[in-house]
1. How large are Rg and Dmax for the stretch A:8-114 when only the alpha carbon atoms are used, in Å?
2. Suppose every Lys and Arg Cβ carries +1 and every Asp and Glu Cβ carries -1, with no other charges. What dipole size does chain A come out with about its Cα centre, to the nearest 20 debye?
3. Under the Karplus relation 6.51 cos²θ - 1.76 cosθ + 1.60, θ = phi - 60°, what is the ordered set of whole-Hz ³J(HN,Hα) values for the stretch A:101-109, x standing for Gly and Pro?
4. Give me the percent of the accessible area of chain B that comes from carbon and sulfur atoms, probe 1.4 Å, all protein chains in place.
5. Give the cross-link partners of A:K61 among the lysines, using a straight C-alpha distance below 21 Å as the criterion and excluding same-chain residues fewer than 8 apart.
6. Can you give the accessible area buried between chains B and A, summed over both chains, with a 1.4 Å probe, in Å² to the nearest 100?
7. List the aspartates and glutamates whose Cα lies under 15 Å from the Cα of B:K20, skipping any in the same chain that are fewer than 8 positions away.
8. Placing unit charges on C-beta atoms (Lys and Arg positive, Asp and Glu negative, everything else neutral), compute the dipole magnitude of the protein assembly as shown about its Cα centre in debye, rounded to 20.
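The values are calculated or read from the model by the stated rules, or taken from the named source; none is laboratory data. These numbers come from a predicted model, not from an experiment. Here the Cβ positions follow ideal geometry from the backbone for every residue, glycine too, while neighbour counts run over all protein chains shown. Quick note on the areas: whole protein, heavy atoms, side chains included, nothing else; ligands and nucleic acids left out. Shrake-Rupley method; radii C 1.70, N 1.55, O 1.52, S 1.80 Å.
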Amino acid sequence: AQSVTQPDIHITVSEGASLELRCNYSYGATPYLFWYVQSPGQGLQLLLKYFSGDTLVQGIKGFEAEFKRSQSSFNLRKPSVHWSDAAEYFCAGGPLGGYQKVTFGTGTKLQVIP
Amino acid sequence: GAVVSQHPSWVICKSGTSVKIECRSLDFQATTMFWYRQFPKQSLMLMATSNEGSKATYEQGVEKDKFLINHASLTLSTLTVTSAHPEDSSFYICSVIDGTTDNEQFFGPGTRLTVL
């Protein structure tokens, strides 16, 4: 079945440290892949997306993600985490065709400690 | 991008009552809106696709008579949880598709429903 998996439920990092959130996908063909961030009281915000082309994708707020077909992964990274990055992060994927009918992962809650 | 609002942001109701949740696209006309449900510590699950002027399309396992969706205008879609029960308690999120930005989804802030 087509799915997106986030193996880490909760991650804690120190402010200023680097961050990597894991996402694995299971699709027959190259899917559309997304990373969203959800902060309390706010809607999900798109951080970045991968449709095709360059496998290293730059997003907003200093985030990037790398599509690795050999590992079926689309991990989110940030070189230096800020306290304001504390939130829940969702990886999502869908078949070719855009943003519709995407499947969300279960989310990773990021805690940032001083 | 599109700005999406939801009202109310949270609601508490008694079992057996009906609750209406509004989703508004504030700055553009949305022909398609999506309704999601999010359980604590779980992912977003697509419930239905709301199309302006026509019947909503429900995902498998979602009771259309339980979750009534009305997309009467290009800026408003409503989700009514009929005869709510405690198991309907959840976080309901809507999104709109902005056809001017590569069909990107923009999400509302969500509505927390608690059924006593």
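1. When restricted to the Cα atoms of the stretch A:8-114, Rg and Dmax are 13.3, 42 Å.
2. Working: 9 positive and 8 negative charges, 51 e Å.
Dipole of chain A, to the nearest 20 debye: 240 debye.
3. 6, 7, 10, 9, x, 7, x, 10, 8
4. Carbon and sulfur atoms account for 53 percent of the accessible area of chain B.
5. Correct list for A:K61: A:K49, A:K78, A:K109.
6. 1400 Å²
7. Leaving aside aspartates and glutamates fewer than 8 places away in the same chain, those within reach of B:K20 are B:D65, B:D88.
8. Charge dipole, the protein assembly as shown, about its Cα centre: 320 debye, nearest 20.
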